[in-house]
Amino acid sequence: MSRWEPDGVGRLQAAAFELFAEQGYERTTVAEIAERAGLTKRTFFNHFADKREVLFGPASQAQREAVVAAIAACPPSLPPLDAVLRGLLATADFFQEHRESVIRRNGIVEANPELQERELNKQAALTDAVAQALRERGVDADTALLSARAGALVQQTAMRQWMRSESGRHLRDHMTDALAALRALTESRPSGQASSSA
């Protein structure tokens, strides 16, 4: 086999997703993934520490870095939550281009409790990175954390809608709508509720 394996990561991920869907995450071995991809186990371990990392590996780190960089590039006058949305939108095109793989990956994660826990950890790491990026912009710690967590809810809501939708709308449109819905909730009062001033 040639030493040069074009798009080894992509081939290994595609093979892993196929096998996870066919026979389940638990029953799939690294050897099977490498064989399906036409690569060696050694090549697999050059890219991933274990089979979980096929789902939570280099792409997650790259996406987190893209979000943080986009937040850092926002104008200083932009409110924190808007900066968070702009940061999250930096990854929307990537998800859109890989929609089928994103949906397949989501199904694999949802079917396995161990992977669900890892997914929560991944989301928490992104939230922490976003909050840190806001603090570096001069936002106070409490506002930074609240904005980061609100942004995470916006993204998760938008991703769910986008994965279930057959309309063909871009993920960024779902994210914009989810943020508008969150703002509408926070600005509304129950019917007949008076203002807090007495």
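The values are calculated or read from the model by the stated rules, or taken from the named source; none is laboratory data. Remember, predicted model here, so these are calculated numbers, not experimental data. FYI the Cβ positions are ideal-geometry reconstructions off the backbone, even for glycines, and counts take in every protein chain you see.
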Selected residue (only one of Arg105, Arg149, Arg118 is surrounded by fewer than 19 Cβ atoms within 10 Å (Cβ to Cβ), within 14 Å of the chain's Cα centre (by Cα), of a type in the set (D, E, K, R) and under 27 Å from Tyr25 (Cα atoms)): Arg118
Hey, Asp173 surrounded by 14 or more Cβ atoms within 10 Å (Cβ to Cβ) and in a helix (DSSP H, G or I) or not: yes
Residue within the stretch 35-45 that is under 30 Å from Ala131 (Cα atoms) and of a type outside the set (Val, Ile, Thr) present: no
Arg183 being farther than 30 Å from Phe20 by Cβ, at pLDDT 95 or above and surrounded by fewer than 18 Cβ atoms within 10 Å (Cβ to Cβ): no
Neighbours by Cβ (under 6 Å, 6+ apart or cross-chain): first from the stretch 1-18, under 13 Å from Glu35 (Cα atoms); second charged (D, E, K, R) and modelled with pLDDT of 85 or more: Ala15/Arg36
Residue in the stretch 72-92 that is without any contact (Cβ under 8 Å) to a residue 40 or more places away in the chain, part of a helix (DSSP H, G or I) and loosely packed, with under 14 Cβ neighbours inside 10 Å present: no
Qualifying residue in the stretch 151-168 (condition: on the phi > 0 side of the Ramachandran plot and free of Cβ contacts under 8 Å to residues at least 24 places away in the same chain): yes
Filter result (surrounded by 14 or more Cβ atoms within 10 Å (Cβ to Cβ), in a helix (DSSP H, G or I) and hydrophobic (A, V, I, L, M, F, W, C)) within the stretch 123-141: Ala125, Leu126, Ala129, Val130, Ala131, Ala133, Leu134
Meets criteria (within 25 Å of Val130 (Cβ to Cβ) and at pLDDT below 95) for Arg64: yes
Helices (runs of 4 or more DSSP H) completely within the stretch 1-60 that count 3 or more residues being under 22 Å from the mean Cα position of the chain (by Cα) and surrounded by fewer than 19 Cβ atoms within 10 Å (Cβ to Cβ): 8-23
Flag for Pro80 being assigned by TED's automatic domain parsing to the domain that holds Glu166 and under 20 Å from the mean Cα position of the chain (by Cα): yes
Failed item in (1) of a type outside the set (D, E, K, R); (2) modelled with pLDDT of 95 or more; (3) under 18 Å from Ser147 (Cα atoms), with Pro76 passing the rest: (2)
